[in-house]
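Here is the structure we will look at.
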Amino acid sequence: MPERLLGRREFARTALAAGGAMLLAPRLWAAQPAVELRPMTGDVVPIGPAERLERIAKAQRLMLAQGIGALLIEPGASLTYFTGVQWWRSERLTAAILPAEGDAFVVTPFFEEPSVRESLGIPAEIRTWQEDEDPLALVAGALSERKLAGKPVAIEETVRFFAVDGLRKALPGVEIRSGAPVVRGCRMVKSASEIALMQKANDITVAAYRHTRPRIERGMTPADISAIMNAATTALGGRPEFALVLLGEASAYPHGSGKPQMVRDGEIVLMDCGCAVEGYQSDISRTFVFGDPAPRQREVWNQMHEGQRIAFEAARVGVPAGTVDDAVRAYYAKLGYGPDYKLPGLSHRTGHGIGLDGHEPVNLVRGETTPLAPGMCFSNEPGIYIPGQFGIRLEDCFHMTEAGPVYFSEPPPSLDRPLG
């Protein structure tokens, strides 16, 4: 799915308020649970302590190579990735500090310690602070005890300013560095166990699509369709992350329109849906027509389908990620779209990284020089959008291998067979 200004849950709560994909209450008949479906997650193997310790060891090697003393991480995907801790961000700081050598430690409010410990998946000391204490002073003290106060501290790139500012005040003279080279150096390349979890998430989303599409009826709203999709996803064992549904003209705008929408004969249905399994996400888009397609709809669908194929073929180990986007835009320009990011055409990047976050570095976008490497995972979604008319987006994610890209979900063969 294209870049969102909000997180996916926030997007689902706030976007398209006037009749779009997810805010209107679905009719009861559309929201019934998919009782005939069964969970597909019986064979899922969660990430275990051994793999998390391997991740920390890799991060420590990267820190030592860069002269970094420690890495500070707030709740979110990176905290889960390294420690297993599943927590949220509030005005009360909970954070993990990974030292370049030795065990990690976690700082959290005293009354939250039992809850934080529940999901802790590695050996780590938990240091607590009371409501009248400064948590960053606690971090500074721990770094001093470990003789790391004089070394640079790396900050995971989503950490909030108050935490960085507080650390500077608690540890005057500390050198603050970006933690992106360390965190990305670990998270961008997925292990076989991570790829297996992502495969399961994609399999569930495909199965939910197969359940949902035959149940779409004339007059349904986006909320009706989303409810069916999310119910199916849940029944199949996935945790729904988003179910964006765009109907008719709204499909021309990647994240839709606030105008009321309903299913009509001969109009586009664009669905962009994903779920998580053990935190690892899928992201699949399908576009089809309710009823008989018009020649122009079929033509643009085929053009976009070819754009997706070109992107897949361009993704090869060692090439800069941006060249995948370049290949698609060159093809679209020959068709008269664009040029560049102009409309009609492709107004967003060709793809984004994906894993524990639905959007992760790096992206398949112009100018991105990071070379593709085995284990990297991306979406492939070079949509075509024609303002005032309709848009087509097909999206399938793939992971890189030594031999080239491998899809998690296979692209549909034709507009008449939008789910294969």
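List of remarks:
- Volume of the Cα convex hull of the chain, divided per residue and given in Å³: 149 Å³
- Extension reserve of the R215-R264 stretch, reckoned as 0.36 nm per residue once the Cα distance is removed: 16.2 nm
- Of all DSSP beta bridges confined to the chain, the antiparallel ones make up roughly 80%.
- Cα gyration tensor shape for the stretch 373-412, rounded if a/c is under 1.5, else prolate or oblate: prolate
- Computed over the stretch 30-157, the P(r) curve from all C-alpha pair distances, binned at 5 Å from the origin, holds 2, 10, 19, 20, 17, 11, 7, 5, 4, 3, 2, 1, 0 percent per bin.
- Dimensionless Rg over Rh [the stretch 113-191; C-alpha; Kirkwood]: 0.99
- For the chain, the 222 nm mean residue ellipticity estimated from helices alone, with every DSSP H stretch of n ≥ 4 adding -39500 (n - 2.57) and the total spread over all residues, rounds to -10000 deg cm²/dmol.
- Relative contact order (percent, whole number), the chain, Cα cutoff 8 Å, 6+ residue spacing: 17 percent
- Within a straight-line Cα-Cα reach of under 13 Å, K151 can be paired with the following aspartates and glutamates, leaving aside sequence neighbours fewer than 8 residues apart in one chain: E101, E175.
- The fraction of Cα-Cα pairs per 5 angstrom bin, counted from 0 for the stretch 276-420, comes to 2, 10, 20, 22, 20, 14, 7, 3, 1 percent, rounded to whole percents.
- Looking at the stretch 86-186 alone, DSSP beta bridges between its own residues are antiparallel in about 25 percent of cases.
- Scanning residues 5 or more positions from V362 or on other chains, those with amide H under 5 Å from its amide H are G353, with H placed 1.01 Å from N in the peptide plane.
- When nucleic acids and ligands are ignored and a 1.4 Å probe is applied, E113 ends up with an accessible area of around 40 Å².
- Amide H contacts of G237: M40, each under 5 Å away and 5 or more positions distant or on a separate chain (H built 1.01 Å from N in the peptide plane; Pro and chain starts excluded).
- Karplus-derived 3J(HN,Hα), 6.51/-1.76/1.60, for each residue of the stretch 79-93, Hz, glycine and proline x: 5, 4, 4, 8, 10, x, 5, 10, 9, 10, 9, 9, 5, 8, 6
- Heavy-atom accessible area order for L136, L335, largest first, 1.4 Å probe: L335, L136
- Listed by chain and number, the lysines placed with their C-alpha closer than 17 angstrom to that of K334 are K342; residues fewer than eight positions away on the same chain are left out.
- Value of Rg to Rh for the stretch 48-119 (Rh from inverse mean 1/r over Cα pairs, i.e. Kirkwood): 0.97
The values are calculated or read from the model by the stated rules, or taken from the named source; none is laboratory data. Source: prediction; values computed, not measured. Remember, those area values only see protein heavy atoms, side chains included, never the ligands or the DNA or RNA. Shrake-Rupley method; radii C 1.70, N 1.55, O 1.52, S 1.80 Å.
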